[in-house]
Amino acid sequence: MTTLRASRPPRTGIPVRTRGLAGWSGRGILAAVLIVFVLFFAIPIVWLLLAAGKNAHALLVDNAFSFGTLQDAVANWNQLFSFQGGAIVGWIGNSGLYAIGALLITLIVSVPAGYALALTEFRLRRPLLIVTLVVMLIPNTALVLPEFLELNLVGLIGNPLSVILPMSFFPFGVYLTYIYFSTSIPRDLLSAARIDGCSEISVFTKIALPLAAPVVALVAFFSFVQNWNNFFLPFVMLPSSSGYPVQVGLTTLLASTPAFNPTAAGSESVQLPTLALATIISVLPVLIMFLFSQRFLVSGMTAGGTKE
Amino acid sequence: MTVTVAPSDATAVADSGLPSRPRAATGRRKASSRSRIGYVFVSGYGVLMLGFGILPALYALLLAFTDADGGFAGFTNFAKVIGDYRFLPAVGHVAAYLVVWLVSLLVLVVLLALVVHAIKVRWLSTTLRFVFYLPGALAGASSVLLWLFVLDPSSSPVAPLLHAFGFSSFVQVIQPGHLPVIFAIIAFWTGAGGWIVIMYGALNNVSDETIEAARIDGANAAQIAISIQLPLLRKWIAYMGIMSLAAGTQLFVEPQLLSQASNAVVGNDYSLNQLAYIYAFTQNDFNGSAAISILLLIVALALSAVFVTRGGLFEKD
């Protein structure tokens, strides 16, 4: 195929509509497919955003895509934040503590580790790289029950460390920094510094570290998103509601919603729009990060997989 | 097809990115100091890997082969959990879900990536990818909760559609036979967008010249997709398939929340991870729980190891 490239026409910036799709009927089918999937992906999110502004009655009888009222939105907000004495504030705080605590430890250990794996030589380097790759590709839920059994043995269950420490072990972050340091740092720069008498520590702190800002941001993004959204680990490790992150707290709200749990009727019961509001709040930090990070996400997931 | 690369690539993987170092120029003293510093730099990560990767796995292994009093139990625990009346149904549930999900994921992600890539109007293509990818922000409990609403005909934004299928109540929607499809829809809604964006990126690596040449040779869009674009996506399709297969075996939060929300119409022992959870937390049988965890861990490790050593995705030029 590549031998035929001589006949390539000059590229223009104008979209050429007839290319790529075969005729009007083909385009019609493809457009229909696209519309179906756009609706599939968009409807639940749009509906969720609207639902949080309605009262329980309007949610059931009004048009699904009608707007609620500010009054109802405020009422839902008040119901959510008074639930179990403002439990959700504590849950959000816990989520922040766990996600950011683990993120900081991840950065502190991953950046030097990625640097060492990329630019120094020691006997355990290869085994460490292979284990990193293998563990990186297994789902993080696979180690949760073994970690529970281990931490139960040492009496850490219920302690914030029982989620922060396992989350801090983030092989993907080490892999990203390893890829970054082995492709983006000119080796001559490091050798020059050594010849000038820099110690190994100052080569790292004065040269490699200042250049690592992009990969630090990338690792921080992935670590935060994964930590914030983690459900199984805190679900298993933290028995008491006061220690829940918001993802696990949602199950408590769900259990108090009569529509999904008929035994929950009572003064502390949660209406559907309030549950919708809680769902929005539970993902808000990640949603905001996602709005600005598509390029980020792709560059991370494809790291090392594409040939430059 | 992607796993036909020679097994010796394991070495290539581990050595990738390694610069050829002028050993002779570096004195032995300097080399050993740099080796020491290497250990210092990886020490924090090494401790975490030991504490939360290797030791838990070894401890679970130990528990799986001992009884409650710590005596050696051979394969008794494994025989017990596999013989449990809930085990094979759970395997069946997870397998059914995996089939539905993987097939739809492979077919639809590739199709949507090709279609979006064929759109030459830039803002439209960007917007589409954004809409597909945004639900990825709702993971775990949040997306399941959202789908509880969508699947409940009384509140659902697609209630007419549910009624058209003959569903008038939530309980009718979540009949056991429907669950593999429901879980697949939730997982697809959350996860497919990221993969579509990735496949789209991979398609951008196909040079315009190649496509143009094929078109001049008389190939139509479908032929170009099948004979040029698909082979170039092969590695990514394999990557997606294996990662999704491994993640799918871990099914937990979806059936757990659905069980809670359905007043146990869906059992709390639907998936293998739920069963392992019940063994640990309801039956206080840590040895049985460890045995199931080890079985799941072996599957995950095997998939991952096959991919690392033979997939060739992590090679770098």
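Could you work out the local net charge near B:Ala291, counting Lys and Arg as +1, Asp and Glu as -1, over the other residues with Cβ closer than 14 Å to its Cβ?
Summing Lys/Arg as +1 and Asp/Glu as -1 gives -1.
Under the definition of Cα pairs under 8 Å and six or more residues apart, what whole-number percent is the relative contact order of chain B?
33
Run the dipole for the protein assembly as shown about the Cα centre, Lys and Arg Cβ at +1, Asp and Glu Cβ at -1, nothing else charged, and hand back the magnitude in debye, nearest 20. Don't skip to the answer; put the middle values down first.
Details: 32 positive and 25 negative charges, 474 e Å.
Dipole size: approximately 2280 debye.
Nearest 0.05, what FRET efficiency do B:Leu55 and A:Arg123 give at R0 = 22 Å with Cβ-Cβ as r?
0.55
Can you pull the mean other chain C-beta count within 10 Å for peptide B:153-160? Could the numbers behind the result be given before it?
Details: counts 0, 5, 10, 4, 11, 6, 2, 1.
Mean inter-chain Cβ contacts per residue within 10 Å come to 5.
Please compute, over every Cα-Cα pair in segment B:157-306, the percentage with a separation greater than 25 angstrom.
Percentage above 25 Å: 53.
Take the alpha-carbon positions of segment A:98-143, form their convex hull, and give its projected area averaged over all directions (one quarter of the hull surface) in nm².
Mean projected area for segment A:98-143: 3.9 nm², to one decimal.
If you consider only alpha-carbon coordinates, what radius of gyration and Dmax does chain A have, in Å?
Spelled out, the Cα radius of gyration and Dmax of chain A are 25.4, 77 Å.
In segment B:63-141, which chymotrypsin sites (Phe, Trp or Tyr not before Pro) are in a loop and have at most 15 other Cβ atoms within 10 Å, using DSSP for the loop call? Don't skip to the answer; put the middle values down first.
Numbers: sites: B:Phe65, B:Phe72, B:Phe75, B:Phe78, B:Tyr85, B:Phe87, B:Tyr97, B:Trp101, B:Trp123, B:Phe130, B:Phe132, B:Tyr133; in loops: B:Phe65, B:Phe75, B:Tyr85.
Passing sites in segment B:63-141 are B:Phe75, B:Tyr85.
Identify the trypsin sites (Lys or Arg not before Pro) of segment A:118-189 meeting these criteria: DSSP loop state and at most 14 other C-beta atoms within 10 Å of the C-beta. Before the final figure, lay out each step's value.
Numbers: sites: A:Arg123, A:Arg125, A:Arg187; in loops: A:Arg123.
Here the trypsin sites (Lys or Arg not before Pro) that fit, given the DSSP loop and packing criteria, are A:Arg123.
Looking at segment B:63-163 from every direction and averaging, what is the projected area of its Cα convex hull in nm²?
That works out to 11.5 nm², a quarter of the Cα hull's surface.
Kindly provide the Kirkwood hydrodynamic radius of segment A:204-243 in Å, to one decimal, from all pairs of distinct alpha carbon atoms.
Every distinct Cα pair counted, the radius reaches 12.6 Å.
Within the protein assembly as shown, what is the number of lysine pairs with alpha carbons under 20 Å apart, leaving out pairs fewer than eight places apart on the same chain?
Eligible lysine pairs with Cα atoms under 20 Å apart amount to 4.
Divide by every residue of the protein assembly as shown the summed helix terms, -39500 (n - 2.57) for each DSSP H run of at least 4, and state the resulting mean residue ellipticity at 222 nm, rounded to the nearest 500 deg cm²/dmol.
After summing the helix terms and dividing by the residues of the protein assembly as shown, the value is -21000 deg cm²/dmol.
Across 10 Å bins from 0, what is the distribution of all Cα-Cα pair distances for the protein assembly as shown, in whole percents?
3, 15, 24, 25, 19, 10, 3, 0
So if R0 is 45 Å, what FRET efficiency would A:His57 and B:Leu106 give, r being the distance between their Cβ atoms, rounded to the nearest 0.05?
That pair, A:His57 with B:Leu106, gives E of 0.55.
Could you tell me the extents of chain B's C-alpha atoms along the three principal axes, largest first, rounded to whole Å?
Per principal axis, max minus min of the Cα coordinates gives 69, 65, 31 Å.
With an 8 Å cut-off on Cα pairs and a minimum separation of 6 or more residues, tell me the relative contact order of segment B:83-193 in percent.
42
Counting only other residues whose beta carbon sits under 12 Å from that of B:Phe87, what net charge do I get with K and R as +1, D and E as -1?
Summing Lys and Arg as +1 and Asp and Glu as -1 gives 0.
If amide H atoms are built 1.01 Å from N in the plane of the peptide, which residues on other chains or at least 5 residues away come under 5 Å of the amide H of B:Thr66?
For B:Thr66, whose amide H was placed from the backbone, the distant partners under 5 Å are B:Ala73.
For every other residue with a beta carbon closer than 15 angstrom to the beta carbon of A:Val61, add +1 if it is Lys or Arg and -1 if Asp or Glu, then tell me the sum.
Values: positive: A:Lys54; negative: A:Asp62, A:Asp72, B:Asp152.
Charge balance in the 15 Å sphere: -2.
With a 10 Å radius around each residue's Cβ, average the other Cβ atoms per peptide and rank B:151-164, A:41-54, highest first.
A:41-54, B:151-164
Ranking request for peptides A:62-69, A:220-227, B:295-302: highest mean number of other beta-carbon atoms within 10 Å first, then the rest in descending order. Don't skip to the end; give the middle numbers.
Values: A:62-69: 13.2, A:220-227: 21.0, B:295-302: 18.1.
Top of the packing list down: A:220-227, B:295-302, A:62-69.
Just report the Cα centroid separation between segment B:269-288 and segment A:101-129, whole Å.
Using only Cα atoms, the two centres lie 35 Å from each other.
Give the average over all directions of the projected area of the C-alpha convex hull of segment A:87-255, one decimal, in nm².
Values: hull surface 44.6 nm².
Taking a quarter of the hull surface, the average projection is 11.1 nm².
How much FRET efficiency would the formula 1/(1 + (r/R0)^6) give for B:Ala222 and A:Phe292, where r is the Cβ-Cβ distance and R0 is 41 Å, rounded to 0.05?
After rounding, the FRET efficiency stands at 0.70.
Starting from the 7 Å offset along Cα-to-Cβ, what nm value, one decimal, do you get for the label separation of B:Thr127 and B:Ala79?
Simple spin-label model gives 6.5 nm for this pair.
List residues of segment A:60-85, by number, whose backbone nitrogen lies under 17 Å from a label position 7 Å along Cα→C-beta of B:His163.
The answer is A:60-66.
What is the mean number of Cβ atoms from other protein chains located within 10 Å of the Cβ atom of each residue in peptide B:296-304, rounded to a whole number?
Mean partner-chain Cβ count within 10 Å for B:296-304: 5.
I need to check one value: relative contact order of chain A, counting alpha carbon pairs closer than 8 Å and at least 6 residues apart, in percent.
With pairs under 8 Å counted, the relative contact order is 25 percent.
Rounded to the nearest Å, what's the spacing between the alpha carbon centres of segment B:148-205 and segment B:45-71? Just the number, please.
Here the answer is 38 Å between Cα centres.
Read-outs throughout are calculated quantities, based only on the coordinates presented, and are distinct from any laboratory measurement. This one's a predicted model, so the numbers in the text were calculated from it and none came from an experiment. Cβ atoms come from the backbone with ideal geometry, glycine included; neighbour counts cover every protein chain shown.
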